[in-house]
Each structure stands twice: as structure tokens, then as C-alpha cells.
Amino acid sequence: MKLGIPRERREGERRVAATPETVKQLAGMGLDVLVEAGAGEAAGHTDEDYRKAGAAVVALLEPPRLDILAHVRPLDPHTALSLKPGAVTVGMASPSSELDTVQALAEAGATCFALELVPRISRAQSMDALSSQALVAGYRCVLEAAIRLPRFFPLYMTAAGTVPPAKVLVLGAGVAGLQAIGTAKRLGARVFANDIRPASADEVASMGGTFIRLDLETAEAAGGYARQLSSDAGTRQRQLLAPHVAQSDVLITTAAVPGRPAPLLVTREMVQGMRPGSVVVDLAAESGGNVEGVVPGADIAVPTADGAGHVTLVGLKDPASAMASDASRLYAKNVANLLALMVRDGTVNADFDDEVLAGACLTHGGGVRHQPTAELLAQRIHAPQEGAL
């Protein structure tokens with residue numbers, strides 16, 4: 001069976017779905033691995049590296065001839081429709097925001113495994129791409145903040161005087177948030193954090209941060225994810241966070257609710273209450289943002305309330321892709337480990353009695369197996385058309 005690794009075409013994407021190391025693993029499963037020329041260059045892997053690992057490098061990958069297609073970013077609808085019936089895809093799918101592609105995958109009769117849907121259970125940790133890429137993003141966002149902050153992160157005691165440590169506040173203590181806490185702490189900052197899941201307090205402390213407790217409702221959903229707060233609770237949360245935001249030199253927001261726009265945690269007024277020179281990095285900018293007014297991929301100067309300066313609001317875009325080498329190393333292992341569950345002697349045999357494969361499967365046999373996505377498609381089909389009487 002032929003497994004294809006494409007050159008990612010979305011602007012800014014530098015990762016690749018297989019490394020020379022995982023090519024050896026995939027070839028060991030009996031698969032013929034085809035790598036599109038230049039696919040790994042941005043991640044530090046040459047075409048010759050792939051050849052030496054056992055892959056065939058082709059000038060242009062042809063999806064209709066592939067049995068398996070492994071990718072990083074969601075496929076476009078045209079590519080999805082071009083797949084042959086029974087073809088298998090493995091990669092990020094963003095099902096809630098890429099409904100046209102989901103529909104195309106179903107119409108093509110492809111079996112799509114979306115890495116976002118991999119169950120959060122112990123056995124599936126080695127396939128959890130959301131966690132592996134969030135780790136990279138959490139690390140990167142602190143570096144981006146440190147570069148922009150006109151101050152040191154650590155405490156310095158010098159003959160010319162003492163430089164106090166920066167105060168960093170992290171909102172959201174998932175994988176990305178915890179990595180941000182640990183990285184900021186290693187750089188010498190005083191780190192504080194908040195999350196609407198009470199169980200996060202111990203995890204924050206284990207990374208060296210101080211947990212900020214707010215008088216709010218518990219908001220933990222299945223699988224350890226956060227769920228959306230009610231409107232009133234969200235307003236109360238912002239009110240309680242405002243003084244902590246104002247006292248911070250760096251604010252990092254990482255809160256996300258799977259399948260929904262990112263929750264608004266910080267208003268423009270809260271940002272304006274920070275000291276001149278402060279930096280806000282919104283890791284959720286691409287899914288709507290945790291901070292009011294954030295723009296993905298842009299730095300915005302927000303005037304402070306006292307008119308003495310401005311706060312830099314950073315809409316972080318493609319943070320994992322910015323560290324393409326290690327991000328690809330982790331992502332490629334996630335892909336290979338998931339394929340190892342279903343490939344035997346060079347043949348795909350997906351056992352849907354396996355909870356990992358069943359949970360990760362988005363489309364199969366001409367239908368959409370993931371119920372929430374199927375419902376979204378049904379709603380779109382039955383929604384009244386604009387301009388209809």
C-alpha cells in the first residue's frame with residue numbers, strides 16, 4: 001500500500017507529517033512511503049534524508065493513487081474529493097471549521113482519522129497530537145513574550161541596583177499553559193496562573209507557578225477539557241481577573257474549548273489597565289482569541305488607560321510551526337503510532353472495536369461517524385438559504 005507525505009501548502013505551515021525516523025517505522029510496517037519533494041525542508045529534512053530512510057521522493061504527490069495520506073493541516077475539499085474510495089487519511093482535520101472538507105471526504109468514501117479526536121486515555125498518549133503541539137506552542141509563546149518585553153524576566157542583583165523579576169500571568173493550565181508556566185519559571189519570572197478547572201491547581205504548583213483561586217463555578221468537561229462558562233460566570237471571571245492582569249508584566253492566554261470559539265477572558269479595558277511596556281500573548285488568536293481585539297499574526301499597540309505608553313497585544317499564529325523541527329518530530333511520531341494500530345503486514349485493517357480508532361474516525365464508508373460533526377453538517381444542510389422567502 002502507498003502512503004503519501006505531502007508538502008504542506010498552507011501559508012506559514014513548515015511542519016511535515018513524517019520524518020526520516022518515522023519513515024523507517026512506516027516502512028517497517030510494510031508500507032511504500034512516497035514523500036513529495038521538499039516536504040521536509042522547512043523542518044530540516046532533505047529529500048536525500050528521506051531516500052536514505054527508505055522513502056521514494058516524487059516531484060508531485062498524486063492523491064488519487066494513494067492508499068493512505070498523512071498530513072499536518074486539514075485537506076482542502078478538492079484534494080479530499082480526489083481520493084479513491086477506501087483511502088485512509090491521518091492528520092489534523094478541524095472538523096467543526098472545515099465542514100466542506102468533511103463533506104468531501106465522506107462523498108469520496110475516504111476513511112479519515114482526525115488527530116484532534118484521539119481519545120484522551122493513557123493508551124493513546126503517544127498519538128495525542130493536540131498535546132504534543134500544544135507543548136511546543138506553550139514554550140514558544142513565552143519566548144515571543146520575552147523578546148518583546150523591555151525588561152528582564154529574572155531577578156538581577158547588581159552593583160548598579162536590583163532588577164526585580166517580571167510577573168507573568170498564564171490563563172489556562174492545559175498542556176500549553178503548563179508548558180508556558182514551566183518555561184517562564186525557568187527564565188526566572190514570578191509566575192501566576194488561573195484555570196476554571198480546580199484540579200489544575202496542583203499541576204500549576206508542580207511547574208513552579210502560584211495558582212490564583214477565583215470564586216467561580218467548576219467548569220470541567222469530559223476528557224479533562226474545560227467547558228464554556230455561562231455568560232454571567234464569564235463576566236464575573238473577568239471582573240475577578242482584572243486586578244491580577246493589571247499587576248502583570250506579561251499575560252499569556254491559552255484557554256480553548258474544543259469545537260468552539262475561544263472564550264473571551266480579557267477585555268480591551270483590562271489590557272489598558274496594565275503598565276506601559278507590558279506584553280499580552282494570545283495563544284488562542286486563531287480560534288477567535290481570549291483577548292478582545294486580538295488579530296492572528298499581528299502585534300497591536302494598545303494605549304494604556306493613563307496615556308503613559310502602550311501594551312503590546314500579540315496574536316500568536318502558527319506557534320508550533322515556528323519550531324518546525326521538533327514540532328514535526330513529535331507530530332510525525334503521533335501519526336506513525338496511530339497508523340501502527342491499524343496496519344498489519346502492509347495492509348490497513350482498522351478495527352473499530354478499538355476505542356482509539358473508533359474515537360478518532362471522522363468519516364468512513366461514505367458517512368460521517370463523528371456525531372457532533374454530523375449534526376453540524378445536518379444543521380447547515382437544513383438551514384434556510386440567505387434570501388429565501
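Per residue, how many Å² of accessible area does the chain show with a 1.4 Å probe? Don't jump to the answer; show the numbers that get you there.
On the way: 17460 Å² over 389 residues.
It amounts to 45 Å² per residue over the chain.
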By the mean-Cβ-within-10 Å protection proxy, highest first, 125-133, 232-240 rank as 125-133, 232-240
Mean-square fluctuation maximum in Gaussian network of the chain, Cα pairs under 10 Å, restricted to Asp100, Asp32, Asp195, hits Asp100
Once both label points are put 7 Å beyond Cα along the C-beta direction, the Arg123-Ala159 separation in nm becomes 6.5
In whole angstrom, the spacing between the Cα centers of region 19-46 and region 260-285 equals 40
So for region 113-163, using the alpha carbon gyration tensor with a ≥ b ≥ c as root eigenvalues (a/c under 1.5 gives rounded; past that, a/b versus b/c decides prolate or oblate), I'd call it prolate
Distance in nm between Ala308 and Asp351 label points, each 7 Å along Cα→Cβ, equals 6.6
Sorted by chain and number, the residues with a modelled amide H under 5 Å from that of Gly288, at a separation of 5 or more or across chains, are Ala262
Here, region 1-142 modelled as identical Cα point scatterers in vacuum has Debye log10 I(q)/I(0) at q = 0.16, 0.17, 0.18, 0.22 Å⁻¹ of -0.89, -1.01, -1.12, -1.50
Counting only residues 5 or more apart in sequence or on a different chain, those whose built amide H sits under 5 Å from that of Val170 are Phe192, Ala193, Asn194, Ile252
PRE zone check, label point 7 Å out along Cα-to-Cβ of Glu41, amide N under 20 Å, scope region 312-335, hits 321-329
With +1 on the Cβ of every Lys and Arg and -1 on the Cβ of every Asp and Glu, the dipole magnitude of region 1-150 about its Cα centre, in debye rounded to the nearest 20, is 320
Cα gyration tensor of region 15-91 diagonalised, 5x eigenvalues square-rooted, in angstrom largest first, produces semi-axes 21, 14, 11
The size of the Cβ-based charge dipole (Lys, Arg +1; Asp, Glu -1) of the chain about the Cα centre, to the nearest 20 debye, is 840
What helix-only [θ] at 222 nm does the chain give? Using -39500 (n - 2.57) per DSSP H run of at least 4, over all residues, to the nearest 500, the answer is -10000 deg cm²/dmol
Of the candidates Ser328, Ala308, His382, the farthest towards the positive dipole end of the chain (Lys/Arg Cβ +1, Asp/Glu Cβ -1, centred on the Cα centre) is Ala308
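Arrange the peptides 349-356, 331-338, 101-108 so that the one whose residues have, on average, the most other Cβ atoms within 10 Å appears first.
Details: 349-356: 13.0, 331-338: 24.4, 101-108: 22.9.
Top to bottom by mean Cβ count within 10 Å: 331-338, 101-108, 349-356.
Please report the carbon-and-sulfur percent of the accessible area for region 21-143; probe 1.4 Å, protein heavy atoms only, DNA, RNA and ligands left out.
On the way: 2500 of 4800 Å².
Carbon-and-sulfur percentage of accessible area, whole number: 52.
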One point scatterer per Cα, no solvent, Debye formula: log10 I(q)/I(0) for the chain at q = 0.08, 0.10, 0.12 Å⁻¹ comes out as -0.46, -0.71, -0.96
Protection proxy (average C-beta count within 10 Å per residue), highest first, orders 93-99, 65-71 as 65-71, 93-99
Simple spin-label estimate for Ile300/Arg148, 7 Å along Cα→Cβ, in nm, reads 1.1
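The values are calculated or read from the model by the stated rules, or taken from the named source; none is laboratory data. On a predicted model such as this, the values are computed, not experimentally measured, just so you know. All Cβ positions, even for glycine, are placed from backbone atoms using ideal geometry, and neighbour counts span all protein chains on display. For the accessible areas, the whole protein counts, side chains as well, though only heavy atoms, and no ligand, DNA or RNA atoms are used. Shrake-Rupley method; radii C 1.70, N 1.55, O 1.52, S 1.80 Å.
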